[in-house]
Amino acid sequence: MDCIKNCLGVEFSIYLKVKIMRDNIYLYAVASNLFFALGSQVFAYYSRKFSSLWMNFFKATIAIFCFSLTLVWLGEFSLISLTPMLVFLTSGFIGLGMGDVFLLNGFAKIGPGRTMVLFSFQPLIIGILSYFLFDQSVDERKLVAIFFFLACIIIFAMESFRATKKWDLSGILYAFIGMTVDAIGILLTRYAFDYDSSITAWQGNFYRTSGAILFFILLINFKPINLVQNFKSLHLGSKSIVIIGAILGTFLSLGCYLIAIQQANLATLTALSINATIFASLFECIIYKKWPSRYLIISFIFFFGGMNYLLDLNLF
């Protein structure tokens, strides 16, 4: 837990650097990956301690509180027009709420590696749909970057394939449904921003998170989550860790991500974002003091290759 605390401090310094990233919108997606990757270490620990549903409900609750404070501080706490409001609420309900439930079931049944292999097809699906819905095209350099990002996650997933040779069809179905509703959530979010360009990322996040909260409120009528009771059972240090983890992995991560969604090419953005898995594995190596596997190292090589083409760095 001390290692997690040290890493949390590093992540806050990263957040301060986000403000200088306005020259390239995709750097917000990288920052979102980093925040989510560290937050996922906390999510994994407390999901095992309580349940994944409890962790998802808790982080959504912390996030909506933080988004509310941010809107008040920025003077943006106001009602938006009905159509984008309903679209954001629906996006959060199915993407942040329902999607996470299916995704975590996929993790449990077939493992994160295989689940992320299925997610590697998401940029293709979103790329086709965003072409027809938003008239977004993908130039040659972005196509090369997408190839590198997809290769990155597939290589990383090969390590999971070594553990078992057996496929679980129900797990594949859960993961596929999770991928699909997540893609729908992304498309709905972009539609809401395009419908009313005056809506800020913080406003969009507030209504999206409200949709997720609505999902969990409906869910507890069928499956008790014990949100308050479980939190009260933690000692002060653990309460601080889980709150900061939720701030990093949900509030700051979503804050950066929706800034990217507002302007980025969606196919490229999703190809970049699914690589949060390799960042999570890197933080896991740091926290538990273990050397990264050769698969993780090769994945990072492909990741930086993709960033080279995406940001026009011309490193090679």
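Annotations
- If you go through the range 22-75 and keep only what is under 17 Å from G97 (Cα atoms) and charged (D, E, K, R), you end up with just K59.
- Options R141, R190; residue that is of a type in the set (D, E, K, R), part of a helix (DSSP H, G or I), out of contact with any Gly (no Cβ under 9 Å at 6 or more places or on another chain) and modelled with pLDDT under 75: R141
- Options L69, L103, L86, L96: the member that is free of Cβ contacts under 8 Å to residues at least 60 places away in the same chain, part of a helix (DSSP H, G or I), within 21 Å of A183 (Cα to Cα) and of a type in the set (A, V, I, L, M): L86
- Residue among I199, I225 that alone is in contact (Cβ under 8 Å) with a residue 60 or more places away in the chain, assigned to a loop (DSSP other than H, G, I, E, B) and in contact with a Pro (Cβ under 8 Å, 6 or more places away or on another chain): I199
The values are calculated or read from the model by the stated rules, or taken from the named source; none is laboratory data. Predicted, not measured: the structure shown is a model, and the values here were computed from it. Glycine also receives a Cβ, built like all others from the backbone with ideal geometry; neighbour counts cover every protein chain displayed.
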